[in-house]
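First the structure, in the form of structure tokens, and then the observations on it.
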Amino acid sequence: TRTPVNVTVTGAAGQIGYALLFRIASGQLLGADVPVKLRLLEIPQGLKAAEGTAMELDDCAFPLLRGIDISDDPNVAFAGANVALLVGARPRTKGMERGDLLEANGGIFKPQGKAINDHAADDIKVLVVGNPANTNALIAQAAAPDVPAERFTAMTRLDHNRAVTQLAKKLGASVEDVKKLTIWGNHSATQYPDVFHAEVAGRNAAEAVNDEKWLAEEFIPTVAKRGAAIIEARGASSAASAANAAIDHVHTWVNGTAEGDWTSMGVVSDGSYGVPEGLISSFPVTTKDGTFEIVQGLEINEFSRTRIDASVKELEEERAAVRQLGLL
Ligand code: NAI
């Protein structure tokens, strides 16, 4: 029998945690033949609710679930972790400046990065979901000098999935027909969903759409502002779709992208496409056997260049701000 994979989830008692844990335990994160042990990290106020969720996980009698530990100590929760999903974060509250937000999250992600550095398994893979996801991932990565930088990733898969559906709908196609779509940059309102290399049922997507005004004025804002639209409609933020995207992100990282397709992940830049080295920015990536590569050689037109640059500029500003706070 296989050794269970240790999966640590932070913010386990939150909305996304509740939508995520059952899917991990049922085998959707790593595969239907991979047993898992869950490690839940919460702040002290969240421990009781996490225990309630653990009771429900027990009550599902998932055959693949080999144990659940709950802790408020990162050094315990990340011990032996093979996969870490960093969901818990400090949300922006009314009147909070960006600097305050970055500082509050630095107080979470720096010690978590250090705990991963000191206690996680050698093959640790980290996905940061908690916002500001790219910069939180950068802070955690900087605090983990013994872990290869490319093991720290940030989630833009929800944006990717949102864009796939919007594009499929526009062209009357099925989501399965959409390939090679890219989210570039920051997981924020400046993100750039790029259809110029995408294919829909084998046809170039930008040519099939043939409507730059729709791209600029409907598609891009719809994808970038989808989170706000969901809060407006549902009265609560997107949790199930975010959890779904986290499942997709890790599943793709571990199991690989399909031939002739790629996905979007926030990963450490090697300087590709003019994105300054070391920033954690979203790129088109292919994955195989638990590793990824940034897709090379794509031609970037003027329409895309301006938008990628704007989002990357925002990432640089966030990096400068956290540097100034001594978080890097
Ligand atoms: P939530 O507020 O329902 O849950 C967050 C949980 O994290 C709470 O239970 C809280 O106690 C816990 N927490 C806070 N600090 C912690 C720490 N230091 N260690 C462990 N746990 C801690 O929020 P929700 O809806 O689950 O969202 C979580 C995060 O995901 C937010 O930052 C949100 O902005 C982000 N998000 C990111 C998306 C993406 O596409 N990258 C999409 C949707 C949400």
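Where a number appears in this text, it was derived from the coordinates with a stated rule and is not lab data. None of these values were measured; they are calculated from a predicted model. Positions of Cβ are backbone-derived with ideal geometry, glycine not excepted, and every protein chain shown enters the neighbour counts.
Things to note:
- Computed from backbone phi with θ = phi - 60° and the Karplus coefficients 6.51, -1.76 and 1.60, the 3J(HN,Hα) list for the range 162-174 is 4, 5, 4, 5, 4, 5, 4, 4, 4, 9, x, 9, 9 Hz; x is used for glycine and proline.
- Across the options 197, 229, 119, the greatest Cα extent toward the positive end of the charge dipole of the chain (unit charges at beta carbon of Lys, Arg, Asp, Glu) belongs to 229.
- Fully extended contour minus Cα-Cα distance, from residue 203 to residue 22, at 0.36 nm per residue: 61.4 nm
- Global geometry of the range 39-172, whether rounded, prolate or oblate, following the gyration tensor of its Cα atoms and the 1.5 cut on a/c: rounded
- Distant-in-sequence amide H partners of residue 187 (H built 1.01 Å from N, under 5 Å): 134
- Each of 16, 5, 46 was scored by the projection of its Cα onto the charge dipole of the range 1-78, and the greatest displacement toward the positive side belongs to 5; charges sit on the C-beta of Lys, Arg, Asp and Glu.
- Mean residue ellipticity at 222 nm, helices only, the chain: -12500 deg cm²/dmol; runs of at least 4 DSSP H residues each add -39,500 (n - 2.57), and the sum is divided by the number of residues.
- For a modelled paramagnetic label at residue 255, 7 Å from Cα along Cα-to-Cβ, the residues of the range 22-49 in reach, with backbone nitrogen under 17 Å, are 22-36.
- Cα gyration tensor shape for the range 184-328, rounded if a/c is under 1.5, else prolate or oblate: rounded
- Phi-based couplings in Hz for the range 13-23 (Karplus 6.51, -1.76, 1.60; Gly and Pro marked x): 8, x, 4, 5, x, 5, 7, 9, 4, 5, 6
- Principal-axis tilt of helix 47-59 within the chain, Cα atoms, nearest 10 degrees: 90 degrees
- Fewest-first ordering of 96, 55 by other beta carbons within 10 Å of each residue's beta carbon gives 55, 96.
- When 293, 207 are sorted by how many other C-beta atoms sit within 10 angstrom of their C-beta, beginning with the fewest, the order is 207, 293.
- Backbone geometry of the range 199-205 corresponds, through the Karplus equation with coefficients 6.51, -1.76 and 1.60 at θ = phi - 60°, to 3J(HN,Hα) couplings of 10, 10, 6, x, 9, 4, 5 Hz, x marking Gly and Pro.
- Cα shape, the range 177-267, gyration tensor, a/c 1.5 rule: oblate
- Other-chain or far-sequence residues with amide H under 5 Å of residue 201's (modelled H): 178, 179
- Taking amide H as placed 1.01 Å from N in the peptide plane, residue 70 has its amide H under 5 Å from the amide H of 40, each at least 5 places away in sequence or on another chain.
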